[in-house]
1. Which of the aspartates and glutamates could a cross-linker span from LYS56 if the Cα-Cα distance has to be under 15 Å and same-chain partners fewer than 8 positions apart are dropped?
2. Rounded, prolate or oblate: which one fits the range 170-265, using the alpha carbon gyration tensor with axes a ≥ b ≥ c (rounded when a/c is under 1.5, else prolate when a/b beats b/c, else oblate)?
3. Label the range 141-223 by shape, choosing from rounded, prolate and oblate, from the square roots a ≥ b ≥ c of the eigenvalues of the Cα gyration tensor; if a/c is under 1.5 it is rounded, and otherwise prolate applies when a/b is larger than b/c, oblate when it is not.
4. Provide LEU237, LEU148 ordered by accessible surface of protein heavy atoms (probe 1.4 Å), highest first.
5. Run the simple label-point estimate for GLU162 and LEU121 please: 7 Å along Cα→C-beta, distance reported in nm.
6. Below 8 Å, C-alpha to C-alpha, sequence gap of six or more: please give me the relative contact order for the range 165-265 in percent.
7. Loop by DSSP (not H, G, I, E, B), at most 10 other beta-carbon atoms within 10 Å: where is the longest site-free stretch of the chain for GluC sites (Glu not before Pro)?
8. Would you look at the GNM of the chain, springs on alpha carbons closer than 10 Å, and say which of GLY243, GLY88, GLY252 moves the most?
Amino acid sequence: MDKILIEAIRVAKLAGLKIKEIRENDGYDEYLKKGYELVTTADLISDKIIKTEISKVFPKHKFISEESDIENSLIIKEPTWIIDPIDGTVGYANNHYQVAISIAYAIDNIVEVGVVHNPFLDETFYAVRGKGAFLNNHKIQIKSANTLKQCVIGTGFPHNKENVDYIVETLRLVLPKIRDIRRLGSPALDICWVACGRLQGFYEEKLSPWDVAAAKLIASEAKATVGHYSLENSSILPNCLNGYKVIVSSPGVFEELKAILISVI
């Protein structure tokens, strides 16, 4: 997997340089996908760079990307790359710095390599299954916590705001139990922040495979507990790609946070 990791980091950084250049020059257009989800032409350029560069080295490998369709029953058997060319597009389009490129490599329904690169802060999180998690070549791990009152918790909100009452009720129950809450706007970075101890937990109702594939592996390798507070009505996806009602946290507070989230369902 060393070659896979080297290429994933190289390509993530290459795409990152390009999206930085595009933003600095105001060289992108914005439009809506599905009527509510922001996409920029920078997303598409990043997607093309990643696929083109990986295909040069691994011409027979397949891709799953935010900019392509995915079936709920998808099962990964062949070598496959799961890509989010810009995770945090709304932040990207508003000159925020919490923006990431997420690249994961999977085979036989298991993510083996994950890279999450923030080009604006020059931070690269990565992991190979069984070999630990790293940030810019330094090994990382979760910050231990025994009660939610000690914890800063991350979350995110869907692009489609039809289920606002559920979101507000969840926040109403979580907020009094924790130290504080954060919303970066990039779930891949949220999860990586749990991995390196900046957050002690993260939850979100519904994420896509490209949001979680790389970050879940990084968090697991940093000794976080990675799971779900419900899988009812969840899509039939390998667990490594399943972002439905996901929780990632320090082990000591996982069950406490899960109990709160279950109570809202």
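The values are calculated or read from the model by the stated rules, or taken from the named source; none is laboratory data. From a predicted model like this one, the values you see are computed outputs, not experimental measurements. With ideal geometry, Cβ positions are generated from the backbone for all residues, glycine too; neighbour counts draw on all protein chains shown. Ligands, DNA and RNA are stripped out before the accessible areas are found, and what is left, the full protein with its side chains, is counted by its heavy atoms. Shrake-Rupley method; radii C 1.70, N 1.55, O 1.52, S 1.80 Å.
1. Hits, sequence-local ones excluded: GLU7, ASP47.
2. Details: a/c = 1.57, a/b = 1.11, b/c = 1.42.
Oblate.
3. Working: a/c = 2.56, a/b = 1.15, b/c = 2.23.
The shape class here is oblate.
4. Details: LEU237 30, LEU148 0 Å².
Putting LEU237, LEU148 in descending order of accessible area: LEU237, LEU148.
5. 3.4
6. Numbers: 142 pairs, mean separation 31.3, N = 101.
Here the relative contact order equals 31 percent.
7. Values: sites that count: GLU71, GLU232.
The reported range is 72-231.
8. Taking springs between Cα atoms under 10 Å, the residue moving most is GLY252.
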